[in-house]
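Everything on this sheet refers to the single structure shown next.
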Amino acid sequence: DKVRINGFEFDVNAAVTDAVTLFAAFGYNDTHNRAYRAQPTSVGNRAPYASDYNLTVGAQVVQPINDTLNWLGRIEYTRQGSLWFDSANTPGTRRSPVGLVNARIGLESDRWELALWSRNLMDNEYRMENVVLVTGIGTFNPGFEAPGRSFGVEGRVRF
């Protein structure tokens, strides 16, 4: 019924050279259930699906190849802090922090861009969602795995 959320976030970008940019971002969440009529014992617990922090660090390169074409490259590491999958913070339903590497390479001109990308490059396994069902004989906790490593091609046209 009521959740208190306190926190902060910041990000920074630094142009190391004309072609290379470093970036970082950090966000902190302090979330607590303040009122929940359906489950009063959850008051004071961390709110479900809210990680306690998020972190991103990486580098991006936009390097001219000639007068009309640039080479693009980006790599980033993201880390999402722990979270609970239910408001009761039931034992066994806390997800540990997850770290992922994402990458992107491509070519661009003034009119178009073509890039290859990968998410979860290291193929980390983790749960993205859980359904917590508490019964009289214990906790049944079926979950859904997050997508593994994925690749794709992205094209853009500017007009």
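Any residue in segment 104-121 that is on the phi > 0 side of the Ramachandran plot sitting within a Cβ distance under 6 Å of a residue that is charged (D, E, K, R) and open to solvent by 60 Å² or more (accessible area, probe 1.4 Å)? List the pairs, counting only those 6 or more apart or interchain.
Note: pairs meeting the criteria are N120/R149.
Test W71 against the stated conditions and say whether it is of a type outside the set (V, I, T) and crowded, with 16+ Cβ neighbours inside 10 Å.
Details: of a type outside the set (V, I, T): yes; crowded, with 16+ Cβ neighbours inside 10 Å: no.
Judged against the criteria, W71 is not a match.
Give segment 79-98 a look and list any residue that's part of a strand (DSSP E or B), touching a Ser or Thr at 6+ places or on another chain (Cβ under 7 Å) and open to solvent by less than 30 Å² (accessible area, probe 1.4 Å), or say none.
L83, R95
Please enumerate the residues belonging to segment 34-71 that are over 27 Å from Y126 (Cα atoms) and of a type in the set (A, V, I, L, M, F, W, C).
Across segment 34-71, the qualifying residues are A35, A38, V43, V61, V62, I65, L69, W71.
On the given criteria, is D30 assigned to a loop (DSSP other than H, G, I, E, B) and on the phi < 0 side of the Ramachandran plot?
Values: assigned to a loop (DSSP other than H, G, I, E, B): no; on the phi < 0 side of the Ramachandran plot: yes.
No.
Only one of (1) touching a Pro at 6+ places or on another chain (Cβ under 9 Å); (2) farther than 21 Å from G7 by Cβ is not met by S51, so which one is it?
So S51 meets the others, but not (2).
If you go through segment 57-68, how many residues are open to solvent by 40 Å² or more (accessible area, probe 1.4 Å) and in contact (Cβ under 8 Å) with a residue 24 or more places away in the chain? Let's see the steps before the verdict.
Residues of segment 57-68 that are open to solvent by 40 Å² or more (accessible area, probe 1.4 Å), as a first pass: 57, 60, 62-68.
In the following step, the residues that additionally are in contact (Cβ under 8 Å) with a residue 24 or more places away in the chain were identified as 57, 60, 62-65, 68.
Total meeting the criteria: 7.
Can you tell me which condition D11 does not meet? The list is (1) surrounded by 11 or more Cβ atoms within 10 Å (Cβ to Cβ); (2) assigned to a strand (DSSP E or B), and all the others hold.
Among (1) surrounded by 11 or more Cβ atoms within 10 Å (Cβ to Cβ); (2) assigned to a strand (DSSP E or B), D11 violates only (1).
Output the residues belonging to segment 42-79 that are farther than 15 Å from A103 by Cα and basic (K, R).
Filtering segment 42-79 down to residues farther than 15 Å from A103 by Cα leaves 42-55, 63-70.
Scanning segment 42-79 gives a single hit, R46.
Name the single residue, out of those in segment 14-41 being under 22 Å from P97 (Cα atoms) and hydroxyl-bearing (S, T, Y), that is surrounded by the most Cβ atoms within 10 Å (Cβ to Cβ).
Here is the first cut: in segment 14-41, the ones under 22 Å from P97 (Cα atoms) are 23-33.
Going one step further and asking which of them are hydroxyl-bearing (S, T, Y), we end up with 28, 31.
Details: Y28: 15, T31: 20.
Ranking the candidates gives T31 first.
Given segment 114-155, what strands (runs of 3 or more DSSP E) lie entirely inside it while holding 2 or more residues that are surrounded by 12 or more Cβ atoms within 10 Å (Cβ to Cβ) and modelled with pLDDT of 80 or more?
On the way: elements: 127-130, 133-135, 138-140, 143-145.
Filter on segment 114-155 gives 127-130.
The values are calculated or read from the model by the stated rules, or taken from the named source; none is laboratory data. Values in this document were obtained by computation on a predicted structure and should not be read as measured data. No Cβ is skipped: glycine too gets one built from the backbone with ideal geometry, and neighbour counts run over all protein chains shown. These accessible areas exclude ligands, DNA and RNA; they are computed on the full protein's heavy atoms, side chains included. Shrake-Rupley method; radii C 1.70, N 1.55, O 1.52, S 1.80 Å.
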